[in-house]
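The values are calculated or read from the model by the stated rules, or taken from the named source; none is laboratory data. Keep in mind the model is a prediction, meaning the values are calculated, not measured. Note that each Cβ is placed from the backbone with ideal geometry, even for glycine, and that neighbours are counted across all protein chains shown.
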Amino acid sequence: MVPVARARVIVVLGVTGSGKSTVGRSVAQRLEYDFCDADDLHSRGNIEKMASGQPLSDEDRRPWLNAVGRRILEILAQHNGVVIACSALKKSYRDIIRDYEPSSFFVLLSGSQELILSRVVARKGSFMPPQLLSSQFATLEPLDGDEVGVTIDVVQKLETIVQQILTALCTGENPEHDS
């Protein structure tokens with residue numbers, strides 16, 4: 001049985017290496033929603049900048065976040081729900097997404113810098129170098145009171161993380177974590 005989610009747009013966010021894509025794909029599969037990795041929407045210039053070890057500026061991110069918002073609207077127009085894996089580290093970035101879909105539900109994947117660095121170093125094929133992780137942690141802003149969502153600790157097993165997200169989405173209850 002497919003869980004009935006209370007949101008049609010779920011944004012899984014966090015720093016690089018927090019598990020956004022893995023968790024997002026799993027949640028999308030369980031809900032039978034479309035999945036989109038926002039990294040696929042970056043311009044070539046943004047990818048080259050990050051690959052060279054330079055963090056993106058707010059000006060670099062704005063067109064990318066607007067592309068994320070447009071993709072959300074495209075998927076919603078097809079009458080599908082969508083899970084987006086998107087760093088969306090600042091509240092102002094999430095506000096751009098909410099401009100496109102005000103009822104977006106945010107899932108902030110959090111963990112220690114040491115744990116996430118170990119994941120980043122171990123993965124293959126990413127354009128994001130480990131040296132940008134500290135700048136992402138410095139930029140990361142927790143969910144604010146006007147943002148609907150949940151913060152989940154990534155030290156747990158994938159299935160536990162997914163179940164906590166589904167519980168928050170489907171029942172409105174948020175076991176173990178503040179919303």
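From the list L41, L73, L56, which residue is at pLDDT 95 or above, in contact with a Phe, Trp or Tyr (Cβ under 9 Å, 6 or more places away or on another chain) and either under 19 Å from S18 (Cα atoms) or surrounded by fewer than 21 Cβ atoms within 10 Å (Cβ to Cβ) (or both)?
Exactly one of L41, L73, L56 is at pLDDT 95 or above, in contact with a Phe, Trp or Tyr (Cβ under 9 Å, 6 or more places away or on another chain) and either under 19 Å from S18 (Cα atoms) or surrounded by fewer than 21 Cβ atoms within 10 Å (Cβ to Cβ) (or both), namely L73.
Residue pairs, Cβ under 8 Å, 6 or more apart or interchain, first in the stretch 31-52 and under 20 Å from V11 (Cβ atoms), second of a type in the set (S, T, Y). List them.
Partner pairs satisfying both residue conditions: D37/S21; A38/S87; D39/S21.
Whether any residue in the stretch 158-174 is modelled with pLDDT of 95 or more, aliphatic (A, V, I, L, M) and farther than 24 Å from E32 by Cα is what I want to check.
The answer is no; no qualifying residue exists.
Please return the ranges of strands (runs of 3 or more DSSP E) entirely within the stretch 11-117 where 2 or more residues are out of contact with any Lys or Arg (no Cβ under 9 Å at 6 or more places or on another chain). Steps first, please.
On the way: elements: 34-37, 82-85, 105-110.
By residue number, 105-110.
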